[in-house]
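K.L.:
I'd like to ask some things about the structure below.
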Amino acid sequence: MSLRIVPTTPFPGQRPGTSGLRKPVSVFQQPHYLENFVQSIFDVLEGSAGQTLVVGGDGRYYNREAIQILLKMAAANGIGRVLVGQGGILSTPAVSCLIRKYGAYGGIIFSASHNPGGPQGDFGIKYNIGNGGPAPEKVTEAIYARTQQIREYRILEAPDVDLDRLGEQRLGSLTVSVIDPVADYLGLMQRLFDFEAIRDYLASGIRIAFDAMHAVTGPYAHAILQGSLGAPEGSVLNGQPLPDFGGGHPDPNLVHARSLVELLFREDGPDFGAASDGDGDRNLILGRQFYVTPSDSLAVLAANAHRVPGYREGLAGIARSMPTSQAADRVAAKLGIPCYETPTGWKFFGNLLDAGKVTLCGEESFGTGSHHIREKDGLWAVLFWLNILAVRRQPVRQIVEEHWRTYGRNVYSRHDYEGLPVEVAEALMADLRRSLPGWVGQRLGSQLVAYADDFSYTDPVDGSTTSHQGIRIGFEDGSRIIYRLSGTGTHGATLRVYLERLELDPARHGLDPQVALAEQIQLADHLAQIRARTGRQQPDVIT
Ligand code: VG1
Ligand code: CO
């Protein structure tokens, strides 16, 4: 085995987005592309010599190759130990759990999360810091700056590590421990939730369906739902991780998890349905003939947290990303705890969690989590719901409808316009931004504009400021229209339009959100001229 120092030149565009660096697989397969990024990570880490890193991926195409490169580069850069999931598999929440449990220096996750996989699909890499969470912007910006200066990288010439054999192997001075990807994570879940109560509940004839979408949660769901909790065989669907996710798009929403949604919407469908994404940090929650929006899910979990062992002592606070509905704020107000509004992306919750200011966090994009780790956590959300159901023994629909009667319903929808020409999307946002000052105090449709701004956030813990995080138009009655461009896509630009309106009248709680929000949907188009500028008559995805 010998150390090789390889001369290289920078690649443009290696700037991490909302969640890591994501590009088409073919981009990552270019010689030196991944190596440059990995070396840039090692170059900005201080004091990592001899330390432990946690490494794994969601099993997508190129995962194993990327892990071999990473291991050989870790060995050449003086890392002491790498914990790697067997077969190269670790969900994002499992990585966060392992970093914290073993006091690792940090972790590297190979995933493009909800983006499609396979040779024509996307690949990605994320770096997590010692608290178990995504690297904050000052770290990702330092990595990016380094990628633009890089001249060489270090790699060990060595045979591949056997990723399927549990136990320790040596790679020069690096110890590689191949570990069971599920065990530690399962242990953490058992400490948070009442497994016995859930087991009894499931044994009472309740039927559940969990769609792992051929992504990383398959092994976790098999072990936890069918193994520990005794759900019958067949409760986990698409439980085998595949490099191309079986040709599907591992994004657990109403469009991409259609077969699960259809199953749950049958009259004789299961009582509870759920799905997770590529890397296992997202969750979709369904009842029989009922869809729970992620924003409502966060609010329901907060309102019922006292029924669950890990949260019995109460919540310190709640945090939600800015576009997430204000349903959680209403629960926080009733509980007398603070509710923080952060920019989109889990990295902005890290400081609040570390400082003990919040216990639960959530995003409208099917992400929910808590202080148990520093990532959103798909199966955790599923177990939280099952624990609540096991205690309350009511259908999902009834629990949510009761919640609306108590707190009002924050009717909510997100409209995505995907694959737009970048210039069109950027001009739309720029013009919208310029027009903001004129709207405050004006009546638009039946409503008065209370504020119109471009969201900027000052972290209450470290004082860092992040601006241009989405255009918000807020109305007198609390309704909002929000526009932002995605930071995870790899083809063109994706415009996201988020719509929200509070409905206090229970007689109107059953309305289809597209009907209840009709006036705002029209207004959103009018203000930004979406149809005229993009030529699109309707969104590609509505959630
Ligand atoms: C999207 C979501 C955001 C989420 C991010 C990563 O980002 O909107 O809420 O944190 O994906 O999720 P964007 O910039 O495309 O809107 V994951 O599960 O893909 O790592
Ligand atoms: Co994800």
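K.L.:
Could you give me the residue pairs with C-beta distances under 6 Å whose first residue belongs to the range 453-467 and is farther than 12 Å from Thr342 by Cα, whose second residue is hydrophobic (A, V, I, L, M, F, W, C) and open to solvent by 30 Å² or more (accessible area, probe 1.4 Å) wherever it lies, and which are 6+ apart or on separate chains?
P.N.:
Val461/Ala355
K.L.:
What pairs can you find where one residue is in the range 272-290 and modelled with pLDDT of 95 or more and of a type in the set (Val, Ile, Thr), the other is more than 7 Å from ligand 2 (Cβ to nearest atom) and part of a strand (DSSP E or B), and their Cβ atoms are less than 6 Å apart, with a gap of 6+ or different chains?
P.N.:
Final answer for the pair search is Ile285/Ala274; Ile285/Val292.
K.L.:
Next question, about the same structure. Quick one: in the range 386-400, of everything that is at negative phi and open to solvent by 20 Å² or more (accessible area, probe 1.4 Å), which residue is nearest to ligand 1 (Cβ to nearest atom)? If you could, list the steps in order and put the result at the bottom.
P.N.:
Filtering the range 386-400 for residues at negative phi gives 386-392, 394-400.
Retained after the next criterion (residues that are open to solvent by 20 Å² or more (accessible area, probe 1.4 Å)): 391-392, 394-395, 397-398.
Working: Val391: 28, Arg392: 28, Gln394: 29, Pro395: 28, Arg397: 26, Gln398: 29 Å.
It comes out as Arg397.
K.L.:
Wholly within the range 79-142, which strands (runs of 3 or more DSSP E) include no fewer than the required count, namely at least 1 residues that are in contact with a Pro (Cβ under 7 Å, 6 or more places away or on another chain) and open to solvent by less than 10 Å² (accessible area, probe 1.4 Å)?
P.N.:
Values: elements: 81-89, 106-110, 122-128.
Once the strands (runs of 3 or more DSSP E) in the range 79-142 are filtered for at least 1 residues that are in contact with a Pro (Cβ under 7 Å, 6 or more places away or on another chain) and open to solvent by less than 10 Å² (accessible area, probe 1.4 Å), what remains is 81-89, 122-128.
K.L.:
List the strands (runs of 3 or more DSSP E) that sit entirely inside the range 441-543 and contain at least 3 residues that are on the phi > 0 side of the Ramachandran plot. Spell out the reasoning first.
P.N.:
Details: elements: 447-454, 471-475, 480-485, 493-503.
Qualifying strands (runs of 3 or more DSSP E): none found.
K.L.:
Continuing with this model, one more query. Name the residues in the range 38-78 that are polar (S, T, N, Q), under 21 Å from Thr147 (Cα atoms) and open to solvent by less than 30 Å² (accessible area, probe 1.4 Å), would you? Can you show your working first?
P.N.:
Of all residues in the range 38-78, those polar (S, T, N, Q) come to 39-40, 48, 51-52, 63, 68, 77.
Applying the additional criterion that residues be under 21 Å from Thr147 (Cα atoms) yields 39-40, 48, 68, 77.
Matches in the range 38-78: Gln39, Ser40, Ser48, Gln68.
K.L.:
Hey, can you tell me all the residues within the range 59-78 that are in contact with a strand residue (DSSP E or B) (Cβ under 7 Å, 6 or more places away or on another chain) and not in a helix (DSSP H, G or I)? Reasoning before the result, please.
P.N.:
To start, the set of residues in the range 59-78 that are in contact with a strand residue (DSSP E or B) (Cβ under 7 Å, 6 or more places away or on another chain) comprises 59-60, 62-64, 66-67, 70-77.
Within the range 59-78, Gly59, Arg60, Tyr62, Asn77 qualify.
K.L.:
Name the single residue that is nearest to Tyr407 (Cα to Cα) among those in the range 282-305 being open to solvent by 10 Å² or more (accessible area, probe 1.4 Å) and within 16 Å of ligand 2 (Cβ to nearest atom). Don't jump to the end; show me each part of the working.
P.N.:
Applying the first criterion (open to solvent by 10 Å² or more (accessible area, probe 1.4 Å)) to the range 282-305 yields 282, 288-291, 293-294, 303.
From what is left, the residues that are within 16 Å of ligand 2 (Cβ to nearest atom) are 282, 294.
On the way: Arg282: 25, Pro294: 16 Å.
Per the stated criteria, the residue is Pro294.
K.L.:
Say we look at the range 354-385 and pick out the residues that are part of a helix (DSSP H, G or I) and small (Gly, Ala, Ser); which of these is farthest from ligand 1 (Cβ to nearest atom)?
P.N.:
Our first condition is that a residue be part of a helix (DSSP H, G or I); within the range 354-385, this holds for 354, 378-385.
Next, only the ones that are small (Gly, Ala, Ser) stay: 378, 381.
Working: Gly378: 9, Ala381: 12 Å.
Result: Ala381.
K.L.:
Please identify the pairs in which a residue from the range 37-61 that is of a type in the set (S, T, N, Q) has its Cβ atom under 7 Å from the Cβ atom of a residue that is modelled with pLDDT under 95 and surrounded by 24 or more Cβ atoms within 10 Å (Cβ to Cβ), counting only partners at least 6 apart or on another chain.
P.N.:
Qualifying pairs under 7 Å: none.
K.L.:
Determine, yes or no, whether Leu315 is within 27 Å of Asp459 (Cβ to Cβ), hydrophobic (A, V, I, L, M, F, W, C) and assigned to a helix (DSSP H, G or I). Give the derivation first.
P.N.:
Details: within 27 Å of Asp459 (Cβ to Cβ): yes; hydrophobic (A, V, I, L, M, F, W, C): yes; assigned to a helix (DSSP H, G or I): no.
No.
K.L.:
Got a sec? Which of Glu233, Glu262 is in a loop (DSSP other than H, G, I, E, B) and away from ligand 2 (no atom under 16 Å from the Cβ)?
P.N.:
On the way: Glu262 fails: in a loop (DSSP other than H, G, I, E, B).
Just one listed residue meets the conditions, Glu233.
K.L.:
Another question, then. Determine if the range 29-37 includes at least one residue that is open to solvent by 40 Å² or more (accessible area, probe 1.4 Å), modelled with pLDDT under 95 and either closer than 26 Å to Leu485 by Cα or not hydroxyl-bearing (Ser, Thr, Tyr) (or both).
P.N.:
Looking only at the range 29-37, we keep the residues that are open to solvent by 40 Å² or more (accessible area, probe 1.4 Å), and these are 29-32.
From the residues that got through so far, the ones that are modelled with pLDDT under 95 too are none.
No, there is no match, as no residue in the range 29-37 is open to solvent by 40 Å² or more (accessible area, probe 1.4 Å), modelled with pLDDT under 95 and either closer than 26 Å to Leu485 by Cα or not hydroxyl-bearing (Ser, Thr, Tyr) (or both).
K.L.:
Could you list, ordered by first residue, the pairs with Cβ atoms under 9 Å in which the first is in the range 345-365 and more than 16 Å from ligand 2 (Cβ to nearest atom) and the second is open to solvent by less than 10 Å² (accessible area, probe 1.4 Å) and aromatic (Phe, Trp, Tyr), at least 6 apart or interchain?
P.N.:
Val358/Phe349; Thr359/Tyr311; Leu360/Tyr311
Yes/no per residue for (1) over 29 Å from the mean Cα position of the chain (by Cα); (2) at pLDDT 95 or above:
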| residue | (1), (2) |
| --- | --- |
| Gly445 | yes, no |
| His468 | no, no |
| Gly489 | no, no |
| Thr494 | no, yes |
| Ala507 | yes, no |
| Glu519 | yes, no |
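K.L.:
Then there's this: What's the total number of residues in the range 263-281 that are acidic (Asp, Glu) and either open to solvent by 10 Å² or more (accessible area, probe 1.4 Å) or more than 16 Å from ligand 1 (Cβ to nearest atom) (or both)? Walk me through it before giving the result.
P.N.:
Initially, the range 263-281 is screened for residues acidic (Asp, Glu), giving 267-268, 271, 277, 279, 281.
Restricting the remaining residues to those that are either open to solvent by 10 Å² or more (accessible area, probe 1.4 Å) or more than 16 Å from ligand 1 (Cβ to nearest atom) (or both) gives 267-268, 271.
Of the residues in that region, 3 qualify.
K.L.:
Only one of Arg501, Arg414 is in contact (Cβ under 8 Å) with a residue 24 or more places away in the chain, under 23 Å from the mean Cα position of the chain (by Cα) and open to solvent by 10 Å² or more (accessible area, probe 1.4 Å); which? Explain how you work it out, then say what you get.
P.N.:
On the way: Arg501 fails: under 23 Å from the mean Cα position of the chain (by Cα).
Checking each option against the conditions leaves just Arg414.
K.L.:
Consider Asn351 against the criteria (1) of a type outside the set (Gly, Ala, Ser); (2) open to solvent by 10 Å² or more (accessible area, probe 1.4 Å); (3) closer than 29 Å to Phe110 by Cβ; (4) not in a helix (DSSP H, G or I): it satisfies all of them except one. Which criterion is unmet?
P.N.:
The number of the failed condition is (4).
K.L.:
A follow-up question, please. Going by the structure shown, is Ser370 open to solvent by less than 10 Å² (accessible area, probe 1.4 Å) and farther than 22 Å from Gly133 by Cα? Spell out the reasoning first.
P.N.:
Numbers: open to solvent by less than 10 Å² (accessible area, probe 1.4 Å): yes; farther than 22 Å from Gly133 by Cα: no.
No: the conditions fail for Ser370.
K.L.:
Would it be correct to say that Ala274 is within 16 Å of ligand 2 (Cβ to nearest atom) and part of a strand (DSSP E or B)?
P.N.:
On the way: within 16 Å of ligand 2 (Cβ to nearest atom): yes; part of a strand (DSSP E or B): yes.
Yes; evaluated as a whole, the condition is true for this residue.
K.L.:
Separate question: So, in the range 328-348, exactly how many residues are surrounded by 19 or more Cβ atoms within 10 Å (Cβ to Cβ), among the small types (Gly, Ala, Ser) and either more than 10 Å from ligand 1 (Cβ to nearest atom) or at pLDDT 95 or above (or both)?
P.N.:
2
K.L.:
Now for a different question. Which one of the conditions (1) under 31 Å from the mean Cα position of the chain (by Cα); (2) open to solvent by less than 50 Å² (accessible area, probe 1.4 Å); (3) at pLDDT below 95 does Ala425 fail to meet, given that it meets all the rest?
P.N.:
(3)
K.L.:
Please verify whether the range 242-262 includes one or more residues that are open to solvent by 10 Å² or more (accessible area, probe 1.4 Å), over 21 Å from Glu363 (Cβ atoms) and touching a strand residue (DSSP E or B) at 6+ places or on another chain (Cβ under 7 Å).
P.N.:
No: the range 242-262 contains no residue that is open to solvent by 10 Å² or more (accessible area, probe 1.4 Å), over 21 Å from Glu363 (Cβ atoms) and touching a strand residue (DSSP E or B) at 6+ places or on another chain (Cβ under 7 Å).
K.L.:
Moving on to the next point. Take Arg484 and tell me if it is under 22 Å from the mean Cα position of the chain (by Cα) and buried (at least 17 other Cβ atoms within 10 Å of the Cβ). It would help to see each step written out before you state the result.
P.N.:
Working: under 22 Å from the mean Cα position of the chain (by Cα): yes; buried (at least 17 other Cβ atoms within 10 Å of the Cβ): yes.
When the stated conditions are applied, Arg484 passes them.
K.L.:
Here's another thing I want to ask about it. Kindly evaluate Thr8 against the criterion of being open to solvent by less than 20 Å² (accessible area, probe 1.4 Å), in contact (Cβ under 8 Å) with a residue 40 or more places away in the chain, within 16 Å of ligand 2 (Cβ to nearest atom) and touching a Lys or Arg at 6+ places or on another chain (Cβ under 9 Å).
P.N.:
no
The values are calculated or read from the model by the stated rules, or taken from the named source; none is laboratory data. Owing to the predicted nature of the structure, the values given are computational and were not obtained by experimental measurement. Quick reminder, even Gly has a Cβ in these numbers, built from the backbone with ideal geometry, and neighbours come from all protein chains shown. Only protein heavy atoms, including side chains, enter the accessible area calculation; ligands, DNA and RNA are left aside. Shrake-Rupley method; radii C 1.70, N 1.55, O 1.52, S 1.80 Å.
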